[in-house]
Amino acid sequence: MTRLSVVKGDITKLKVDAIVNAAGPDLLGGAGVDGAIHRAAGPGLVAQCRTLGGCETGEAKITTGYRLPATAVIHTVGPIWHGGDQGEPELLASCYRKSLALAEQYDLKTIAFPAISCGVYGYPISEAVDVAVSTIREYLEDSKLDEVLLVAFNDEILAAYEQALEG
Ligand code: AR6
């Protein structure tokens, strides 16, 4: 059975098969976790990203990890929060599903997610973590993955994940 757990820390330090990047649609780097991943990976990452032609909201694309301890980076574009009635939950769920599916497709067994859309894109944390946990749990009912990690960058997100995982 696949393990789903929460860890506090910096996703760029994790030695897993794939880390997920909360990217922007141009995939060329930015603030938040995206900036941290590009800084840690080095210039090879943006060079490969330039060849990908961007990424639509709710979709995901994969690159190698370059100087990161992780083997691969799965770049997904979360929805910008506009109040919740513009398809945000479905788009956020799609980010998790498509990222998990890409990991499986590439035979990657361990994957770590940041709290997609919970920073610059303004998604309310408790609502976002409920989408993340329920979508991942549903996906893991039938999957070949060994471990999924939810990475909390601060205590507020850590507490929200812990509460969602108890439910
Ligand atoms: N490790 C783990 N989580 C982190 C890290 C880290 N090193 N750094 C930040 N976080 P954000 P978004 C958390 O803003 O809301 C960029 O400009 C952070 O605390 O990175 O999806 C992109 O290019 C928050 O909980 O992503 C896009 O344009 C979570 O990561 C846009 O921001 C996501 O926050 C994407 O916005």
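The values are calculated or read from the model by the stated rules, or taken from the named source; none is laboratory data. Everything numeric here is computed off the predicted structure, so don't read it as measured data. Reconstructed Cβ throughout: ideal geometry from the backbone, glycine too, with neighbour counts over all protein chains shown. Only protein heavy atoms, including side chains, enter the accessible area calculation; ligands, DNA and RNA are left aside. Shrake-Rupley method; radii C 1.70, N 1.55, O 1.52, S 1.80 Å.
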Per residue solvent-accessible surface (Å²) - the range 3-166, probe of 1.4 Å: 47 Å²
Specify the longest stretch of the chain that does not include any exposed loop site, a site being one of the GluC sites (Glu not before Pro) with a non-H, G, I, E, B DSSP assignment and at most 16 other Cβ atoms within 10 Å. 57-140
For the range 25-167, give the percent of accessible area contributed by carbon and sulfur heavy atoms, probe 1.4 Å, rounded to a whole number. 50 percent
Pairs on different chains or at least eight residues apart, Cα atoms closer than 16 Å: how many lysine pairs in the chain fit? 5
Would you work out the charge dipole size for the range 3-166 about its Cα centre, treating the Cβ of every Lys and Arg as +1 and the Cβ of every Asp and Glu as -1, and quote it to the nearest 20 debye? 800 debye
Here the membrane-span-like helices of the chain, with no claim about any membrane, defined by DSSP H, Cα axial extent at least 15 Å and mean Kyte-Doolittle at least -1.0, are 88-105, 125-140, 155-166
Order 25-35, 43-53 from most to least packed using the mean count of other Cβ atoms within 10 Å. 25-35, 43-53
How high is the FRET efficiency from Val120 to Glu141, r the C-beta distance, R0 30 Å, rounded to 0.05? 0.40
